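Notes to accompany the following structure.
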Amino acid sequence: MDIRAHVSMVFHLDKCIGCHTCSIACKNIWTDRKGTEYMWWNNVETKPGTGYPTQWEDQEKYKGGWEKKNEELKLKLHSKLGGLGNIFYNPYLPTIDDYYEPWTYDYENLFNAPEGDDQPTARAISMITGKPMDSIEAGPNWDDDLGGSPLYARNDVNLDELTDDEREQLNELERVVFFYLPRICNHCLNPGCVAACPAGAIYKRGEDGIVLLSQEKCRAWRMCISGCPYKKTYFNWASGKSEKCILCYPRLESGQPPACFHSCVGRIRYLGVLLYDADQIEKCASVPDHELVAAQRNMIQDPFDPEVIAAAKKNGISDAMITSAQNSPVYKFVKKWQIALPLHPDFRTLPMLYYVPPMLPVLAKTKDGNYDVDGLEKEGLPAMLSSLEKARMPIKYMASMFSAGNVQEVEDVYRKLIAVRIFKRAQKVKDYQQADVDAALSQGKTTAEEVEAIFRLTALPTYEERFVVPPLGREVAVEAWEVPLDHKREAGFGVRNKIAKRKF
Amino acid sequence: MFDNALFIGFPYAAVTISIAVTIYRFFFDPYSVSSQSSQFLENRKLFFGSVPWHYGLITILLGHLTALLFSRLWGLFTANQTRLYVLEITGLALALMATVGLVILFYRRMADARSQAVTSELDWILLVVLFLQVGLGFWVAYYYRWGSDWYLHTAVPWLVSLLKFQPDITYVTALPFWVKFHFLNGFTIAFLLPFTRLVHLLVYPLSYLWREHQVVIWNKARH
Ligand code: SF4
Ligand code: SF4
């Protein structure tokens, strides 16, 4: 057992309102520089949809992540030798057009245009070339709220599993359904970006698992961009360096949650430490598709188990870190209650960001203008939530996203979430019989106490309950050997300057 | 005197500056070391330019280097006429390939607005110098045949004399103008190397072959 600590995350999709505040918070802090205009380290996309960059989930196109070949785990992108051979031209690199060409507007023309018969206009100006753009063909969230769905939503690769009939139904007005998927770097346990980088510039921090990309070691070989199946490393075309989400480590190190977490309007985000067994990584990434979720859950260890605690201490994990893991909301969602699932475990990078799948689009299907409650009796569920089997958004779609196609895993989550709803409704509105509640609890394989706890952490959590930031304290610890004011002086004067001043 | 400056002074100066600046750059400004790839902005023309250019050029450069390092073996190899023919034709083909690739890259930088946005003055200078070099190489290979053989008795001893710090330029002074131009332009490239994106050839990531896939860095030493 090789116990390590990992700062991990849960996004509760039922709570996401698609406001993009998170994306803006991130952009304002990290990606408002030249060459990063098109980057959204945090982005929120509409599902079904093709996302950002377009069709990022299609690994036949982008070759991200890992695949099992003859029982061996291989990077989908390249062998090591093949990678060195493709270094002059990476055949699977997304280009700027797969994202969008960033632009601004020529506002000055509104003031400076000579008098004429027509109103002056502010033309779109490319932020790459500085030249006017004739037409804007894509932008961030181009397909937000199903905009242009015949082109976008219909090409969502997760729909591949559905029958033609099911796909057609999704386009009927009465059945149209969507939800939001906020995405950041998953800070994976078996990251494809790290493995694909020939320069060894990307690394995982041992103490907290944050995946960082060294700007000094990056040589623009750009393999990480293909290697990450989530397309969460980005190429800064101006600096010639790749960049990625840093989980706001400077904020974490001073006790604050990342900016996207902090600013989240829907309060959908949770952050906390997970203890995991690093010895299991390779085995876990190699199990058959339908076992992936279970294997990953298995790798996460119980922070209350004395054996785990002893092993953690042996590995130099501090008491404070262990306490932090015990208080972690992520541990509860992922391991204790098992209602948060990784996004696309089939990419086999073992992402450490988990999602509570959304209920709303799944349930509440209508028929002839009324809620369709047929068949509920058969399932033994009271008539408020329609049947899971007849879900508006087919469960297979959810399974394709969150459990590598294992429908059982997703159903288990939904049964438990339904139990929470019915239990709370019985308590507050009192329009359910106790028998209904008991049936729902048993279907959800849960108990009254657990359901109450899920409800509290979902609906009424405090700031401190949502974000249990571990005591990384590097920012403070540095004061032990460096004068903080010296340290401060070096910040903010540009990278080159700082390096020239560095003592070595 | 002038020849001394060209074939002793210039090579030594170029290489010395080159090494000094390279060291400086790696230690004091590692951030600036990048291949500055522009594939992200323009993909198609790059394919037809970059692939033939790199593969053609690297093979030829390795040929030059092998002949320099293992001149005796190389001499034995070229002693046979058939082998010499094959070598010369391969060399010409590769030079052509590299030249065509570079022309496409040149065109790409000129015609494509996005590529232009990431092209610096130094990039243009580098492109011109590189183009001169492969063009001259091709020219020399074509008009002054059997270079793979006479190279051994002219440039190689001259370079070896430079390396041994006992410079002897008599090996090269009598050569035709274009050949000498090719030599000197070569040192110009060596000089430019640390100032331009060309540094990327010094950091070709061979160590990827033996590195573990995953990289974990610990802040504190682990026991
Ligand atoms: S999600 Fe993050 S850690 Fe995982 S492969 Fe992509 S960039 Fe790397
Ligand atoms: S800020 Fe929160 S609620 Fe708003 S889009 Fe982002 S994740 Fe969703």
Taking A:Tyr89, is it more than 15 Å from ligand 1 (Cβ to nearest atom), in contact (Cβ under 8 Å) with a residue 60 or more places away in the chain and within 12 Å of chain B (Cβ to nearest Cβ)? no
Taking segment A:1-44 only, how many residues are in contact with a Pro (Cβ under 8 Å, 6 or more places away or on another chain), within 19 Å of A:Tyr99 (Cα to Cα) and at pLDDT below 95? 1
Can you tell me which residue among A:Pro229, A:Pro257 is away from ligand 2 (no atom under 16 Å from the Cβ) and at pLDDT 95 or above? A:Pro229
Say whether the condition of being over 21 Å from the mean Cα position of the chain (by Cα), in contact (Cβ under 8 Å) with a residue 12 or more places away in the chain and under 23 Å from A:Ala238 (Cβ atoms) is met by at least one residue in segment B:18-28. no
Any chance A:Ile246 is β-branched (Val, Ile, Thr), within 12 Å of another protein chain (Cβ to nearest Cβ), within 16 Å of ligand 1 (Cβ to nearest atom) and touching a residue at least 24 places away in the same chain (Cβ under 8 Å): no
Search result, residues across segment A:99-115 that are part of a helix (DSSP H, G or I) and modelled with pLDDT of 95 or more: A:Tyr99
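One line per residue, one yes/no per condition, for (1) in contact (Cβ under 8 Å) with a residue 60 or more places away in the chain; (2) within 14 Å of another protein chain (Cβ to nearest Cβ); (3) away from ligand 1 (no atom under 11 Å from the Cβ):
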| position | (1), (2), (3) |
| --- | --- |
| A:Asp164 | no, no, yes |
| A:Asn171 | no, no, yes |
| A:Arg183 | yes, no, no |
| A:Asn186 | yes, no, no |
| A:Trp221 | yes, yes, yes |
| A:Tyr230 | yes, no, no |
| A:Thr233 | no, yes, no |
| A:Ser239 | yes, yes, yes |
When the residues of segment A:195-217 are narrowed to those that are more than 7 Å from chain B (Cβ to nearest Cβ) and part of a loop (DSSP other than H, G, I, E, B), which ends up farthest from the chain's Cα centre (by Cα)? A:Lys217
Single residue of segment A:323-367 satisfying the filter (at pLDDT below 95 and either of a type in the set (A, V, I, L, M, F, W, C) or within 16 Å of ligand 1 (Cβ to nearest atom) (or both)) that is nearest to the chain's Cα centre (by Cα): A:Met359
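Residues checked against (1) away from chain A (no Cβ under 14 Å); (2) crowded, with 16+ Cβ neighbours inside 10 Å; (3) in contact with a strand residue (DSSP E or B) (Cβ under 6 Å, 6 or more places away or on another chain):
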residue	(1), (2), (3)
B:Leu41	no, yes, no
B:Leu46	no, yes, no
B:Leu65	yes, no, no
B:Thr82	yes, no, no
B:Leu94	yes, yes, no
Give the residues of segment B:81-100 that are under 30 Å from B:Lys164 (Cβ atoms) and either modelled with pLDDT under 85 or over 20 Å from the mean Cα position of the chain (by Cα) (or both), sorted by residue number. B:Arg83, B:Leu84
Right, B:Ser50: facing another protein chain (nearest Cβ under 9 Å) and farther than 28 Å from B:Leu96 by Cβ or not? no
Which condition breaks for A:Tyr180 when tested against (1) within 16 Å of ligand 2 (Cβ to nearest atom); (2) touching a Phe, Trp or Tyr at 6+ places or on another chain (Cβ under 6 Å); (3) not acidic (Asp, Glu)? (2)
Find all pairs meeting these conditions: Cβ atoms under 7 angstrom apart; at least six residues apart or on different chains; first residue within segment A:419-434 and touching a residue at least 60 places away in the same chain (Cβ under 8 Å); second residue surrounded by 14 or more Cβ atoms within 10 Å (Cβ to Cβ) and not in a loop (DSSP other than H, G, I, E, B). A:Arg421/A:Leu385
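The values are calculated or read from the model by the stated rules, or taken from the named source; none is laboratory data. Because the structure is a prediction, the values reported are computed rather than measured. Here the Cβ is made from the backbone with ideal geometry for all residues, glycine too, and neighbour counts use every protein chain on show.
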